[in-house]
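Visitor: Pasting a structure here, questions to come.
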Amino acid sequence: MAAITGVQRIDYINIGLIIFSCILAFIMPFELFLFAYGVLGPLHYLTEISWLHDKNYYSTDKRDVILLIVISLVLTVVTMRNYLGLQDLDVDHVYINRIIFIAFASSLFFAFIKNNKIKIIGVVITILLSAISDRLLLVFSVFLPTLIHVFLFTWLFMFYGALKNRSKPGYISVALHLIVPFILFFAFPNNPFIPVTEYGKTAYHEFQALNSIIIGLMNTSHAGDGDMVQQVFHSQTGIAIMRFIAFAYTYHYLNWFSKTKVIRWHDIPKSRSILIVILWIISIVLYAVDYSLGFKWLFLLSFMHVMVEFPLNYISFVGIFRELTGKGMKHSVN
């Protein structure tokens, strides 16, 4: 019997982490999300941005990331305008959607095009075509920075890794990751084992719009009836949705930390490690003092780490295509 490789060992660990995240999502979905987002989230943002920085953000030119950072800053100001004293800054949600589309579409050129002139032309084309994203308003403005990032892109990274390593436990973890949402929605359909606390309701206020949107899209017999807050926190549909959200975010973070020995994001200068730890501790303290304050403090980082990962997302798409077909584009950056 062949010995278990290091990659397979990590795949087995991830199978356990998927099951672990699923069980916790059943028991206490709201509190699990709040813990994962407030404790694991900040360390994930800081370490991933640090790792991407050392990898040139998987772009053919490190300067490409400037556009993604500027877009992150703009969207942060727009989203946080009420807290920044900019209440008169009225921005239509359509334009927010278009800006995120521009960041996502431009990253395709950043990942594969070396010629800066062609790259600039590509960005201009994405700007001119950004109006087509109006037909996918919720996709870019709501789901891309949230559930697509933490669930779908995580699954694609896992699938790409399993294909590259021809790992059987890797394939099992990929399949299990897709099966869990169905379990979370259809098994034990009643209230969670531990109902949401009053603190959980208050702290989750910053996020409950996502749940409300999903409830509306599901168009169940309960959606649209009565108090939306009641539906989010106490209805069968609302709890099933929260279970999925809690699982997606929790496993997204745990999956990142499980890959430390593979991608070696911890191999950084000591001074940067100290800075990351200090900022992480400050973030946890702020979340503990006032969850809303912690959310505002880290909004830029949380949004920016999604934006600067876009080139890597495209490389994963192409990598999966190449592994499945033996064809496709070859990334030009080592």
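Visitor: Among the candidates Ile118, Ile172, Ile125, Ile179, which residue alone is closer than 24 Å to Ala246 by Cα and free of Cβ contacts under 8 Å to residues at least 24 places away in the same chain?
Guide: Details: Ile118 fails: closer than 24 Å to Ala246 by Cα; Ile172 fails: free of Cβ contacts under 8 Å to residues at least 24 places away in the same chain; Ile125 fails: closer than 24 Å to Ala246 by Cα.
Answer to the selection: Ile179.
Visitor: Still on this structure: Could you list, in sequence order, all residues of the stretch 281-301 that are of a type in the set (S, T, N, Q) and surrounded by fewer than 18 Cβ atoms within 10 Å (Cβ to Cβ)?
Guide: Restricting attention to the stretch 281-301, the residues satisfying the condition of being of a type in the set (S, T, N, Q) are 283, 292.
Scanning the stretch 281-301 gives a single hit, Ser292.
Visitor: List the pairs whose first member sits in the stretch 212-225 and is within 12 Å of Leu138 (Cα to Cα) and of a type outside the set (Ser, Thr, Tyr), whose second member is modelled with pLDDT of 90 or more and surrounded by fewer than 14 Cβ atoms within 10 Å (Cβ to Cβ), and whose Cβ atoms are under 9 Å apart, counting only residues at least 6 apart or on separate chains?
Guide: Pairs found: none.
Visitor: Can I ask one more? Quick one: how many residues across the stretch 52-71 are surrounded by fewer than 23 Cβ atoms within 10 Å (Cβ to Cβ) and under 16 Å from the mean Cα position of the chain (by Cα)?
Guide: Qualifying residue count for the region: 1.
Visitor: Which members of the stretch 161-177 meet the condition of being modelled with pLDDT under 95 and either within 30 Å of Asp92 (Cα to Cα) or not aliphatic (A, V, I, L, M) (or both)?
Guide: Gly161, Lys164, Asn165, Arg166, Ser167, Lys168, Pro169, Gly170
Visitor: Going through Ser107, Ser167 one at a time, which residue ends up being touching a Pro at 6+ places or on another chain (Cβ under 8 Å) and either over 24 Å from Ser292 (Cα atoms) or in contact (Cβ under 8 Å) with a residue 12 or more places away in the chain (or both)?
Guide: Details: Ser167 fails: touching a Pro at 6+ places or on another chain (Cβ under 8 Å).
After applying the criteria, what remains is Ser107.
Visitor: Those residues that are within 30 Å of Pro181 (Cα to Cα), surrounded by fewer than 20 Cβ atoms within 10 Å (Cβ to Cβ) and of a type in the set (Gly, Ala, Ser), I need them from the stretch 245-280; list them, please.
Guide: Listed by number, the list holds a single entry, Ser258.
Visitor: Name the residue that is surrounded by the fewest Cβ atoms within 10 Å (Cβ to Cβ), counting only residues in the stretch 1-36 that are at pLDDT 95 or above, of a type in the set (A, V, I, L, M) and within 22 Å of Ala288 (Cβ to Cβ).
Guide: Looking at residues that are at pLDDT 95 or above, of a type in the set (A, V, I, L, M) and within 22 Å of Ala288 (Cβ to Cβ), I get Leu24.
Visitor: Here's another thing I want to ask about it. Condition check: of a type outside the set (Phe, Trp, Tyr) and not in a helix (DSSP H, G or I). Does Lys114 satisfy that?
Guide: yes
Visitor: Of all residues in the stretch 176-210 being surrounded by fewer than 16 Cβ atoms within 10 Å (Cβ to Cβ) and of a type in the set (A, V, I, L, M), which is nearest to Val229 (Cα to Cα)?
Guide: So the residue we want is Ala209.
Visitor: Being buried (at least 21 other Cβ atoms within 10 Å of the Cβ), closer than 19 Å to His252 by Cβ and not small (Gly, Ala, Ser) is the requirement here; does Phe151 meet it?
Guide: yes
Visitor: In the stretch 43-82, which residues are of a type in the set (Asp, Glu) and either in contact (Cβ under 8 Å) with a residue 60 or more places away in the chain or in a helix (DSSP H, G or I) (or both)?
Guide: Glu48, Asp54, Asp64
Visitor: Just to be sure, is Val39 in a helix (DSSP H, G or I), of a type in the set (A, V, I, L, M) and surrounded by fewer than 18 Cβ atoms within 10 Å (Cβ to Cβ)?
Guide: The answer is yes for Val39.
Visitor: What tally of residues in the stretch 154-175 results from selecting those that are surrounded by fewer than 18 Cβ atoms within 10 Å (Cβ to Cβ) and not in a helix (DSSP H, G or I)?
Guide: 1
Visitor: Something else: Only one of (1) of a type in the set (Phe, Trp, Tyr); (2) touching a residue at least 40 places away in the same chain (Cβ under 8 Å); (3) crowded, with 17+ Cβ neighbours inside 10 Å is not met by Phe143, so which one is it?
Guide: In the conditions (1) of a type in the set (Phe, Trp, Tyr); (2) touching a residue at least 40 places away in the same chain (Cβ under 8 Å); (3) crowded, with 17+ Cβ neighbours inside 10 Å, Phe143 misses (2) alone.
The values are calculated or read from the model by the stated rules, or taken from the named source; none is laboratory data. Since the structure is predicted, the reported quantities are computational estimates derived from the model, not experimental observations. Don't worry about glycine lacking a Cβ; one is built from the backbone with ideal geometry, like all the others, and counts go over all protein chains shown.
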